[in-house]
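Q: Quick one: structure below, then a few questions.
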Amino acid sequence: MTGKAYVVGAGLAGLSAATILAARGAAVTVIEAAGQAGGRCRSYFDAAIGGVIDNGNHLVLSGNRAVHDYLARIGAHDALAGPPRAEFAFVDLRDGLRWTLRPNEGRVPYWITRASRRVPGTKASDYAKYAPLLWADKKTSIGDRIADRGPLWERLMRPFLLAALNTEPEQSSAALAGAVLRETLAKGGRFYRPRIAHPTLAAAFVDPALQLLSGKNASLLMGTRLRGLTFNGRLAMALNTGEATLPVSSGDVVVLAVPPWAAADLIAGLVVPNDFRAIVNAHFKMPAPAGIPPILGVIGGTAEWIFSFHDRISVTVSGADAIVDQDREDLATRIWADVAKALGITAPMPAWQIVKEKRATFAATPAQDARRPAAKTQWRNLFLAGDWTQTGLPATIEGALRSGEVAAALACRHLSL
Ligand SMILES: Cc1cc2nc3c(=O)[nH]c(=O)nc-3n(C[C@H](O)[C@H](O)[C@H](O)COP(=O)(O)OP(=O)(O)OC[C@H]3O[C@@H](n4cnc5c(N)ncnc54)[C@H](O)[C@@H]3O)c2cc1C
């Protein structure tokens, strides 16, 4: 008889692993500390907004292979919304300049030869200056590799890299930036059409996965925190949740898909990323005005990306450590001023909510990247997953889902599935 599979943590890494294991016929038990699944990618009813909101706007790109495979696996292929072609609208609040990038679909980027389609104030030759990121080594930062601080940096590359890495781009790993660029911008517009979960993160990424798991008779232990792991030689032998001790036999597997600080508490001596960056999201209860782009990049303000929904306007500020401890009302007022200017709204600030995620992602610096462990551990039946493990990508949905795939593949091999 095949052994059991325990998946600890029902964020996207854990759900990715659990759904693969369940689909392959494993007897899966998911152990999640919170009362709901989704982790850092979750939706909930917010009383101030009077509706379901996401903890933060999550943007994925059409070229995210693991996102595509995961949504297909859980039966949610149509759960992402976005324009039919890659198109990115921007406004610079300082001088009111507005522009829309219109990349072509194919790999040869002829769009950069057209002044009307590229970043204002740039030349086609400016774009080639970023090629060194595509083959950067793991020790260098973007600041070491890229000298450009002109209009292309300020109006496209800095905002794009800050969003992708959630870390001040100058200090961020050139190799992680290169990995993102190789899979998106360098492959042509069809690989970076923006995509947003529709209508919520939970509806796209979480609820269908839980339904799949229920349909496969997986046990979902919500509100259950793993408090200790017992080892014997090269095997994990038991999981302790405080209320119960679950025995783990040598034929069973454990996928530990908790955040890095939780994994380090459970496994003495495990080296994990230990420096984090915040994200602040502001939600405003007002339908976006007609004709507004679904996503608007903002330069020169506190707001960075404005997402328009039928019932609300939501704003993301990445690498937000400088503002995360500020008063919530002050933040809402400041961000609303940017939104009003960017979208031409004269109405007073509507009902709002500020969501602060202090440890949204690990800092994508070369030093932190070097602290990411592999999925395989010294224990034969224990595997790690999470956006902070060695995925080769920054902390993103794509990275989290891929980490779950890798851990599930190792677990399936152990279970002979
Ligand atoms: C505000 C915000 C905006 C973001 N925007 C984007 C974006 O636009 N695009 C993008 O690709 N990515 C984005 N991300 C990153 C993305 O959300 C994460 O990379 C991804 O959700 C991480 O998933 P994970 O499963 O690795 O970790 P987590 O989501 O942290 O999951 C870990 C789970 O383990 C549980 N847990 C912890 N300790 C225990 C324990 N002892 N026992 C049992 N369970 C435990 C937690 O409750 C949690 O559910 C954003 C993140 C935030 C916070």
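Q: Could you compute the net charge surrounding Asn381? Neighbours are other residues with a C-beta less than 15 Å from the C-beta of Asn381; K and R count +1, D and E count -1. Please list the in-between numbers first.
A: Values: positive: Lys4, Arg234, Lys376, Arg380, Arg413; negative: Asp252.
Around Asn381, the surrounding residues sum to +4.
Q: What spacing in nm lies between the two simple spin-label points modelled at Lys358 and Ala244, each 7 Å away from Cα in the Cβ direction?
A: Each label point lies 7 Å from its Cα, and together they span 3.3 nm.
Q: Taking R0 as 51 Å, what's the FRET efficiency between Thr346 and Lys139 from their Cβ-Cβ distance, rounded to 0.05?
A: Values: r = 51 Å, r/R0 = 0.99.
Efficiency computed from Cβ-Cβ geometry: 0.50.
Q: Right, here's the next one. Order 12-21, 236-245, 391-400, 272-281 from most to least packed using the mean count of other Cβ atoms within 10 Å. Write down the numbers at each step before the final one.
A: Details: 12-21: 30.7, 236-245: 15.4, 391-400: 25.1, 272-281: 21.8.
So the order, starting with the most tightly packed, is 12-21, 391-400, 272-281, 236-245.
Q: Within a 10 angstrom radius of the beta carbon, how do His310, His77 rank from fewest other beta carbons to most?
A: Details: His310 7, His77 12.
Ascending Cβ contact count within 10 Å gives the list His310, His77.
Q: I would also like to ask the following. Once the piece of chain linking Met222 and Tyr110 is laid out straight, how much longer is it, given 0.36 nm per residue of separation minus the C-alpha distance between them?
A: Numbers: separation 112, 0.36 × 112 = 40.32 nm, distance 5.07 nm.
Gain on stretching Met222 to Tyr110: 35.2 nm.
Q: If the cut-off is 16 Å between C-alpha atoms, which lysines fall inside it for Lys129, apart from same-chain ones fewer than 8 positions away?
A: none
Q: Name the residues of region 246-283 whose amide N is less than 18 Å from a point 7 angstrom out from the Cα of Thr333 along the C-beta direction?
A: 282-283
Q: Magnitude of the Cβ-charge dipole of the chain, K/R +1 and D/E -1, about the Cα centre, nearest 20 debye? Let's see the in-between values first.
A: Values: 46 positive and 35 negative charges, 234 e Å.
My answer is approximately 1120 debye.
Q: If R₀ is 30 angstrom, what is the calculated FRET efficiency for the pair Asp265 and Arg234, using the beta carbon separation as r and rounding to 0.05?
A: Working: r = 21 Å, r/R0 = 0.71.
The computed FRET efficiency comes out at 0.90.
Q: In nanometres, what is the gap between the two model label sites at Ala47 and Ala131, each 7 Å from Cα along Cα-to-Cβ?
A: 5.9
Q: Cross-link candidates for Lys376: which lysines have Cα within less than 27 Å, leaving aside residues fewer than 8 places away along the same chain?
A: By straight Cα distance, Lys376 reaches Lys4, Lys138, Lys139, Lys216.
Q: Say the dipole of region 13-151 comes from +1 at the beta carbon of Lys and Arg and -1 at that of Asp and Glu; which of Ala48, Ala131, Gly38 then lies farthest toward its positive end?
A: The listed residue farthest towards the positive side: Ala131.
Just so you know, all these numbers are worked out from the coordinates, no wet-lab data involved. What you are looking at is a predicted structure, and each value in this text was computed from that prediction instead of being measured. So basically every Cβ, Gly included, is an ideal-geometry build from the backbone, and we count neighbours across all protein chains shown.
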